[in-house]
1. Within segment 45-58, can one find any residue that is under 15 Å from Asn87 (Cβ atoms) and loosely packed, with under 15 Cβ neighbours inside 10 Å?
2. Out of everything in segment 24-41 that is outside any loop (DSSP other than H, G, I, E, B), in contact (Cβ under 8 Å) with a residue 24 or more places away in the chain and within 19 Å of Ile89 (Cα to Cα), what residue ends up being nearest to the chain's Cα centre (by Cα)?
3. Search segment 60-80 for residues being outside any loop (DSSP other than H, G, I, E, B) and aliphatic (A, V, I, L, M), and hand back the single one that is modelled with the lowest pLDDT.
4. For the structure I just gave you, tell me whether Asp55 is of a type in the set (Asp, Glu) and at negative phi.
Amino acid sequence: MLEECIKKILGRIQWLEYLIDKGENIKIIIQRNELKKAVYVGDTIGDLEAANYADTPFIYASYGFGQLNDVKYSINNISDINRIVCNII
C-alpha cells in the first residue's frame, strides 16, 4: 500500500553542508524532485517547525528523541507510517 503512495525514494541534503536550515532543505528536495505531494517525518520541535516552514505535512515519530503535544499526525512505530501517509497524500 505504501508503494502506491510513494513515487520516489529521496536522499537527504546535509543542511550544515549547505549552510541552510531544514525547512529550506525540505523545499529544495521537493522542488528538485518535482514532488507534488510530500510529508516530513520527525521527532523534534525543530522538525515540526521545518515542515511548517516548507508548508509540508508533518508526522511526529513519538518513539524518537523529542516530546511534542498537539500534533495532527503521529506514529508510535515505523510500521504505522503506511496508514498515515496514504491518508495525507
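1. No, segment 45-58 has no match at all.
2. Val41
3. For segment 60-80, the residue satisfying everything is Ile78.
4. Against the criterion (of a type in the set (Asp, Glu) and at negative phi), Asp55 does not qualify.
The values are calculated or read from the model by the stated rules, or taken from the named source; none is laboratory data. Computed from a predicted model, the values in this text were never measured in an experiment. Glycine gets a Cβ as well: all are built from the backbone with ideal geometry, and neighbour counts include every protein chain shown.
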